[in-house]
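The values are calculated or read from the model by the stated rules, or taken from the named source; none is laboratory data. Computed from a predicted model, the values in this text were never measured in an experiment. Ideal geometry is used to build each Cβ from the backbone, glycine not excepted, and the neighbour counts take in all protein chains shown. Only protein heavy atoms, including side chains, enter the accessible area calculation; ligands, DNA and RNA are left aside. Shrake-Rupley method; radii C 1.70, N 1.55, O 1.52, S 1.80 Å.
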Amino acid sequence: MVNVKGLGYIGLPTALMLAAHGVQVVGTDQSEALVDSLNKGELTFEEKGLDALFHQALDAGIRFQTGDVEADAYIIAVPTPYDHRTKKTDARYVVAAVSEVLDICPKGAVVVVESTISPSTIDRNVRPLLKEKGREDVKLAHAPERIIPGNMLYELEHNSRTIGVDSPEVAEQVKALYSSFCQGEIVFTDIRTAEMTKVVENTYRDVNIAFANELAKICRADGMDVYEVIRIANKHPRVNILTPGPGVGGHCISVDPWFLVGDYPDIVDVIRSARRVNDGMPEFVLKRMGAIMKENGITDVGRVGLYGLTYKENVDDTRESPTLQLLHNMDEHLAGGRIKVYDPYVKKDIVPNQYHDFGAFLNDVDMVVVLVGHDEIRNGLDKLKGKVVLDTRNICGEGVYKL
Ligand code: SAJ
């Protein structure tokens with residue numbers, strides 16, 4: 001029996017996947033509202049294939065409740081917020097979750113932390129708890145996830161996984177659990193290395209996106225087409241430049257590198273600069289918008305519309321999204337409040353002047369800033385005809401403004 005604790009973006013798919021592969025699973029979460037919706041058969045977020053997997057898991061007998069149960073293994077998938085000011089991670093929820101488990105778990109249980117944590121968090125914040133509570137019989141593991149929103153279920157099954165453990169015996173126990181659904185290689189290492197690799201993977205991507213974004217700025221300054229430059233440079237066998245965009249959002253890549261900045265402030269340089277470049281992209285887009293409005297005689301920001309509120313295409317997740325960062329910057333410049341916003345995936349009103357109908361949105365604007373490349377717009381480019389378009393994702397072809 002496995003108790004998956006924390007039923008968010010990672011915990012829920014993991015719990016469902018385990019259950020669908022024959023493992024007895026209880027999913028627990030402190031939010032009664034979340035547990036209630038799952039028990040009513042309603043999913044709490046959208047993801048390709050999640051609905052079918054949910055039904056498979058329900059048929060296999062998965063249970064959802066607020067209270068933890070006695071189990072052989074616990075998977076902790078609670079959030080790790082970080083302090084925006086100090087850039088340090090806050091392991092409070094992870095520590096609280098492990099502490100709750102220690103109060104009820106049977107002797108010799110395995111507690112696997114999946115939440116992303118900064119290197120050494122288990123040594124500093126979790127191990128002392130075991131001693132304090134006289135539960136040194138409990139075994140710890142760290143199994144950071146690598147799945148990408150938009151393709152989570154495929155990646156849960158096919159990505160390789162890193163699992164940090166203290167001994168080969170624990171490795172075997174954890175392997176038995178994950179190999180029920182994971183067809184990728186399962187690589188064992190020590191816990192500190194596992195913690196570090198996760199943060200390093202996301203930091204690698206952040207630094208590489210920052211490079212692409214900086215190139216976009218350089219090319220803009222000198223009137224060159226960055227996409228053409230990248231397309232050609234990438235023909236070199238050892239060059240693989242990523243795609244510039246309006247910024248980096250999500251709760252992973254835009255957050256994890258700060259863990260290293262917070263922990264090693266005197267050493268980091270490239271990593272800190274990359275974060276600054278990516279965090280500066282919404283402001284760069286704003287300046288582009290201003291210049292394009294001027295060029296086209298658009299004086300009323302109320303006639304400008306932002307397409308896309310999520311942090312990337314075809315997901316409903318808006319955490320740290322470039323559009324939200326851009327709106328925040330507009331507010332700071334006292335220029336907020338009038339611009340129109342539309343995203344087909346965001347059903348609730350989360351910002352002012354938010355539209356839920358593409359046609360109505362287009363009727364009310366003269367200029368569209370494409371911030372997210374959802375399939376809806378990729379397949380409906382003709383709808384933008386007659387509008388001034390700033391395409392920050394390079395999906396609209398010729399005849400529009402680019403980054
Ligand atoms: N982006 C660009 N240009 C690119 C690629 C991405 O601007 O060439 C932007 C996206 O639009 C988005 C942000 O970066 O705003 C991040 O998107 P993403 O698709 O690169 O990654 P995430 O945040 O959805 O998921 C990442 C993945 N990590 C890596 O690829 C190293 C995923 O494997 C992790 O599991 C996930 O973080 C996580 O939870 O840590």
Antiparallel %, DSSP beta bridges [both residues in the chain], to 5: 5 percent
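So, with +1 on the Cβ of K and R and -1 on the Cβ of D and E, and no other charges, what is the size of the charge dipole of segment 357-403 about its Cα centre, to the nearest 20 debye?
Details: 6 positive and 8 negative charges, 33 e Å.
For this selection, approximately 160 debye.
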What percent does the relative contact order of the chain come to when contacts are Cα pairs within less than 8 Å and at least six residues apart? 11 percent
Answer with one residue from 390, 66, 28: the one whose Cα lies farthest towards the positive end of the charge dipole of the chain, charges on Cβ with Lys, Arg +1 and Asp, Glu -1. 390
Which one, 391, 225, 206, has the greatest fluctuation when you compute a Gaussian network model over the chain with C-alpha springs under 10 angstrom? 225
Please give the solvent-accessible surface of residue 340 in Å², to the nearest 10, using a probe radius of 1.4 Å with every protein chain present. 40 Å²
If r is the Cβ-Cβ distance from residue 269 to residue 378 and R0 is 25 Å, what FRET efficiency results, to the nearest 0.05? 0.10
Expressed as an acute angle from 0 to 90° and rounded to the nearest 10, what is the orientation of the C-alpha long axis of helix 191-221 relative to the principal long axis of the chain? 0 degrees
For the chain, dividing by residue count, accessible area per residue (probe 1.4 Å) in Å² works out to 46 Å²
Determine the calculated [θ] at 222 nm for the chain from helices alone, applying -39500 (n - 2.57) to every DSSP H run no shorter than 4 residues and normalising by the residue count; nearest 500 deg cm²/dmol. -12000 deg cm²/dmol
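Looking only at Cα atoms, what is the convex hull volume of the chain per residue, in Å³? Intermediate values should be presented prior to the final figure.
Numbers: hull volume 63.0 nm³, N = 403.
So the per-residue Cα hull volume is 156 Å³.
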Using a ≥ b ≥ c from the Cα gyration tensor of segment 21-146 (square roots of the eigenvalues), is it rounded, prolate or oblate, where a/c under 1.5 gives rounded and otherwise the larger of a/b and b/c decides, a/b for prolate? oblate
Quick check on segment 127-210: take the gyration tensor over C-alpha atoms, sort the square-rooted eigenvalues as a ≥ b ≥ c, and tell me if it's rounded (a/c under 1.5), prolate or oblate. oblate
Considering the dipole of segment 244-303 built from charges on the beta carbon (Lys and Arg +1, Asp and Glu -1) around the Cα centre, which of 257, 291, 270 is farthest to its positive end? 291
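When only DSSP loop residues count, what GluC sites (Glu not before Pro) in segment 110-185 have their Cβ near at most 11 other Cβ atoms within 10 Å? All intermediate terms of the calculation are to be shown ahead of the outcome.
On the way: sites: 114, 132, 136, 145, 155, 157, 169, 172, 185; in loops: 114, 136, 145, 185.
Within segment 110-185, the qualifying GluC sites (Glu not before Pro) (loop, at most 11 other Cβ atoms within 10 Å) are 136, 185.
With +1 on each Lys and Arg Cβ and -1 on each Asp and Glu Cβ, how big is the dipole of the chain about its Cα centre, in debye rounded to the nearest 20? Could the numbers behind the result be given before it?
Values: 45 positive and 59 negative charges, 205 e Å.
Magnitude of the dipole: close to 980 debye.
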Taking loop as defined by DSSP and a crowding limit of 15 other beta carbons within 10 Å, which trypsin sites (Lys or Arg not before Pro) in segment 128-199 fit? 133
